[in-house]
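Everything on this sheet refers to the single structure shown next.
Here, each number is a calculation from the coordinates, and none is a lab measurement. As the structure is a prediction and not an experimental result, all values here were calculated from the model. Cβ placement follows ideal geometry from the backbone for every residue including glycine, while neighbour counts extend to all protein chains displayed.
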């Protein structure tokens, strides 16, 4: 159960950081926007990978439940980010 809660919290933090990256770069140039969003995505994945390894090796969390929770919420949050971007772009026009 701890692994599921930890995976949910990590995924929520990932979603919030993605939202902040979108908000911080939306009104800027296309190049800056892509750097923030795509570069931020790489940075967030690396941060999640480090937290994942720390939770498994350092704290002994159950790897399968943590990974499956992260996978489920990551896919769901990625869909939310794409939906938010589409909605934001459509309101800008």
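Of note:
- P(r), alpha carbons of segment 1-42 - 5 Å bins starting at zero, rounded %: 5, 26, 22, 16, 11, 9, 7, 3, 1
- Of the residues 22, 82, the one with the fewest other Cβ atoms within 10 Å heads the list, and the complete ranking is 82, 22.
- Percent RCO, i.e. relative contact order, over the chain, from Cα pairs under 8 Å lying at least 6 residues apart: 45
- Ranked list, fewest to most other Cβ atoms within 10 Å of each Cβ, for 37, 42: 42, 37
- Divide the volume of the convex hull around the Cα atoms of the chain by the residue count and you get 77 Å³ per residue.
- Residue order for 36, 19, fewest other beta carbons within 10 angstrom first, comes to 19, 36.
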